[in-house]
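Structure record follows, encoded as structure tokens.
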């Protein structure tokens with residue numbers, strides 16, 4: 001298990017040090033949405049573009065702890081180019097992973113989510129051991145959900 005934890009730590013550090021989809025998009029056509037975690041001061045701004053039911057582009061700016069920033073990078077890479085049904089499924093699955101302490105890769109017992117299918121996102125599963133940091137990992141995802149909700153209303 002130590003090798004897996006080391007790999008996950010490397011993935012998180014890589015996304016923190018070299019974030020994907022970092023920057024801004026012109027508003028409009030992009031929709032801008034901001035997220036803030038008052039418990040630790042994490043702030044992000046997401047720029048999202050929907051084209052024919054697909055999240056065709058996303059950029060993220062912000063500052064905060066390594067968990068929130070790595071999660072925003074991992075999130076943007078996971079959802080970019082996906083149709084909205086898939087994006088909402090990934091949001092739900094990620095939230096379930098962050099709130100379900102029973103999900104483990106090495107367990108023989110069935111888990112409600114398949115961490116192997118989550119790809120690099122599974123690297124953040126270890127955050128559940130630190131309940132105070134779960135909101136850091138969820139910030140980008142909840143902000144995206146708010147932005148998509150604003151666009152659909």
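Say whether the condition of being under 14 Å from residue 120 (Cα atoms), crowded, with 23+ Cβ neighbours inside 10 Å and modelled with pLDDT of 95 or more is met by at least one residue in region 76-92.
Within region 76-92, one or more residues are under 14 Å from residue 120 (Cα atoms), crowded, with 23+ Cβ neighbours inside 10 Å and modelled with pLDDT of 95 or more.
For region 86-100, filtering for residues that are within 22 Å of residue 131 (Cβ to Cβ), over 10 Å from the mean Cα position of the chain (by Cα) and in a helix (DSSP H, G or I) leaves 6.
Look at residue 51 and say whether it is surrounded by 17 or more Cβ atoms within 10 Å (Cβ to Cβ), modelled with pLDDT of 95 or more and more than 19 Å from residue 5 (Cβ to Cβ). Against the criterion (surrounded by 17 or more Cβ atoms within 10 Å (Cβ to Cβ), modelled with pLDDT of 95 or more and more than 19 Å from residue 5 (Cβ to Cβ)), residue 51 does not qualify. Screening residue 121 with (1) over 11 Å from the mean Cα position of the chain (by Cα); (2) at pLDDT 90 or above; (3) closer than 30 Å to residue 32 by Cβ gives one miss only, at (1). Is there a residue being in a helix (DSSP H, G or I), surrounded by 18 or more Cβ atoms within 10 Å (Cβ to Cβ) and touching a helix residue (DSSP H, G or I) at 6+ places or on another chain (Cβ under 6 Å) anywhere in region 56-68? Yes, region 56-68 contains a residue that is in a helix (DSSP H, G or I), surrounded by 18 or more Cβ atoms within 10 Å (Cβ to Cβ) and touching a helix residue (DSSP H, G or I) at 6+ places or on another chain (Cβ under 6 Å).
The values are calculated or read from the model by the stated rules, or taken from the named source; none is laboratory data. Keep in mind the model is a prediction, meaning the values are calculated, not measured. Because the Cβ atoms are built from the backbone with ideal geometry, glycine has one as well, and the counts that use them run over all protein chains shown.
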